[in-house]
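Report on the structure given below.
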Number of protein chains: 2
Amino acid sequence: MRNFIGIDIGGTTIIFALLKGKKIVKTKKINTPKSKKGLIKVLIKNIKELKGNLKIKGIGIAVAGVLDKEKEKILNSPNLKYLNNFLLAEVLRKKLRLKVTMENDANCFALGEAILGVGRDKKIVFGITLGSGVGGGIVIDSEIYQGAFGGAGEIGHTTIKFDGIKCKCGNFGCFEEYCGKRFFQRKKVSSKELAKRAEKGDKRAKEIFKEYGGYLGIGIANIVNILEPDIIVIGGGIAKAQKHFLEEAKKEAKKRIISPLSKRNLQVKPAKLGEKASVIGLVYLLNQF
Amino acid sequence: MRNFIGIDIGGTTIIFALLKGKKIVKTKKINTPKSKKGLIKVLIKNIKELKGNLKIKGIGIAVAGVLDKEKEKILNSPNLKYLNNFLLAEVLRKKLRLKVTMENDANCFALGEAILGVGRDKKIVFGITLGSGVGGGIVIDSEIYQGAFGGAGEIGHTTIKFDGIKCKCGNFGCFEEYCGKRFFQRKKVSSKELAKRAEKGDKRAKEIFKEYGGYLGIGIANIVNILEPDIIVIGGGIAKAQKHFLEEAKKEAKKRIISPLSKRNLQVKPAKLGEKASVIGLVYLLNQF
């Protein structure tokens, strides 16, 4: 059995997983450090701990941000800016003397859900991750669709209101500003806290989720009108509150989708594999090593 | 040699072409009638004229609108509303006793440009048609990418300003309202007339084109952030004025594209095949009959 270590580096948390072949045998979750130095330190420490005396075939890293085509460098990560232009794979390779591969985290998420989650048996799967940022990944026939230069699926930075709120990336009206964590920050409440309030019947909380769902529906319709997938899978931390906004999102999306067939047949579903979806996608990639 | 007739039905004009194998030997251009009855009449009349005594293998129709998966019915054509839910292919088949096939006009445009135009040798081609409406077509490895239900590429109805201008399709802030003919109608001038004024150095005309180019850049960036093609080809009637807005569009797109590799490598070019691009795409499809 070949052993791997899969690491999902998100804007808020990092998940480590020890894999034996296609099986996840151990996981660990920590907060994402605020500096590059801090990140390297916790990566090395946790990899060594997980590895122990095992022989490791390689390490896979899922990371938020646009990577270069050979997946060696993080080119643009608006929510982990200290990683921009950093050769993370090379640094780890040198320090650990192990094979290291990187992939965009939302691509891994979409792949995980396409292979083992709600996207099973679907030809075209679009995965959206709702977290610090909003990520996206496209899987066609069980393979990640990379686009021409390795950067496809970046739904978070599509424009839904060209004169709207200024995004962290510098532009205006990005989808991420309306459906990422900053939406809730502007309302001065976390999605988790808001879900608690909504469950208690708080009217204002329900209204905020309705507004959020409307924005999500706009982004979904944009994906559908361009790419027309069979299914859109919703994941990421904010998706834990999906029951409060997903119906509204579907309603708004249906209004804005132009194809009557897509309106009728498109599926929009919460992810099935939970926060480990990206690591599961990595398992699949690592086993192709 | 097998003969075909190719017909491109746009919101404003219809182009007929007589094809001998892959060669266009005769074309004709007329205005698009305002009613279904009028349309059928001119289609039959012109097909019969073009056909003459020739043996025709089949007819191909490129039409603006979302078609059903088997391309037998026009499901939603915001700029030719009288065609909605109309079985155009079947009606012509019965009246003419000939094989008839339909395809979305922007898909044909993209295919034409991908095979013989500026998209030659490119893997992923996105074609945008700027006319009465704004259409889009995706070609990957020289084949039309249809999406899950045959309706991919509908960039005209993606949202670029969710609380923006009401579109003919009923929604708000569609790309088509900012980059189709209605943009110029709101300015009370045609793109052709405006181009004349801009060429004479009219400052206001140049400003209007700059505004238009900015909107086009937003739509282009949305395509790139999701699908990341190698090239975006710009066609349709309004594209005749491209020298007045294309540079501005590229500038705005570069601002909003998140992948540094795409920012650097993406090509945005005017179509090479002119108004016959869609018919040329049809030629390719018909020869696969």
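A few remarks follow.
Yes/no per residue for (1) aliphatic (A, V, I, L, M); (2) more than 21 Å from B:ILE232 (Cβ to Cβ):
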site: B:VAL125; (1), (2): yes, no
site: B:ASP141; (1), (2): no, no
site: B:THR159; (1), (2): no, no
site: B:LYS168; (1), (2): no, yes
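- Number of residues in the range B:213-266 that are more than 8 Å from every other protein chain (Cβ to nearest Cβ), assigned to a helix (DSSP H, G or I) and β-branched (Val, Ile, Thr) equals 3.
- Restricting attention to the range B:144-158, the residues that are of a type in the set (Gly, Ala, Ser), crowded, with 24+ Cβ neighbours inside 10 Å and in a loop (DSSP other than H, G, I, E, B) add up to 4.
- Restricted to strands (runs of 3 or more DSSP E) entirely inside the range A:52-125, those with at least 2 residues that are away from every other protein chain (no Cβ under 14 Å) are A:56-63, A:100-104.
- Residues in the range A:175-212 that are of a type in the set (A, V, I, L, M, F, W, C) and touching a Lys or Arg at 6+ places or on another chain (Cβ under 8 Å) were compared, and the one that is nearest to the other protein chains (Cβ to nearest Cβ) is A:ILE208.
- Residue match in the range A:219-229 (condition: at pLDDT 95 or above, among the hydrophobic types (A, V, I, L, M, F, W, C) and more than 21 Å from the chain's Cα centre (by Cα)): no
- Residues of the range B:133-153 that are touching a Lys or Arg at 6+ places or on another chain (Cβ under 8 Å) and aromatic (Phe, Trp, Tyr): B:PHE149 alone.
- Pairing each residue of the range A:184-210 that is among the polar types (S, T, N, Q) with any residue that is surrounded by 13 or more Cβ atoms within 10 Å (Cβ to Cβ) and at pLDDT 95 or above, provided the two are 6+ apart or on different chains, yields C-beta distances under 6 Å for A:SER190/A:PHE184; A:SER191/A:PHE184; A:SER191/A:ILE238; A:SER191/A:ALA241.
- For A:LYS263, the requirement of being more than 17 Å from A:VAL125 (Cα to Cα) and in contact with a Lys or Arg (Cβ under 8 Å, 6 or more places away or on another chain) is not met.
- Number of residues in the range A:143-162 that are over 16 Å from the mean Cα position of the chain (by Cα) and either facing another protein chain (nearest Cβ under 7 Å) or of a type in the set (S, T, N, Q) (or both): the value is 7.
- Flag if B:GLY180 is crowded, with 17+ Cβ neighbours inside 10 Å, in contact with an Asp or Glu (Cβ under 8 Å, 6 or more places away or on another chain) and in the same structural domain as B:LEU266 (by TED's automatic domain parsing): no
- Filter result for B:ALA271 (under 20 Å from A:PHE175 (Cβ atoms), in contact with a Gly (Cβ under 7 Å, 6 or more places away or on another chain) and more than 9 Å from every other protein chain (Cβ to nearest Cβ)): no
- Any hit, the range B:141-153, residues being touching a Leu at 6+ places or on another chain (Cβ under 7 Å) and of a type in the set (S, T, N, Q): no
- Verdict on A:ASP141 being among the charged types (D, E, K, R), in the same structural domain as A:ARG186 (by TED's automatic domain parsing) and either crowded, with 17+ Cβ neighbours inside 10 Å or at pLDDT 95 or above (or both): yes
- Of all residues in the range A:155-169, those being at pLDDT 95 or above and more than 20 Å from A:ILE138 (Cβ to Cβ) number 7.
- Criterion violated by B:LYS276 - all others in (1) in contact with a Phe, Trp or Tyr (Cβ under 8 Å, 6 or more places away or on another chain); (2) closer than 22 Å to B:CYS108 by Cβ satisfied: (1)
- Of all residues in the range B:66-84, those that are of a type in the set (Ser, Thr, Tyr) have Cβ atoms under 8 Å from Cβ atoms of residues that are crowded, with 18+ Cβ neighbours inside 10 Å, 6 or more apart or on another chain, in B:SER77/B:VAL63; B:SER77/B:ALA64; B:SER77/B:GLY65; B:SER77/B:VAL66; B:SER77/B:LEU83; B:TYR82/B:LEU39.
The values are calculated or read from the model by the stated rules, or taken from the named source; none is laboratory data. Just so we're clear, the structure is a prediction, and the values are computed from it rather than from any experiment. Positions of Cβ are generated from backbone atoms using ideal geometry, with glycine treated the same way; all protein chains shown enter the neighbour counts.
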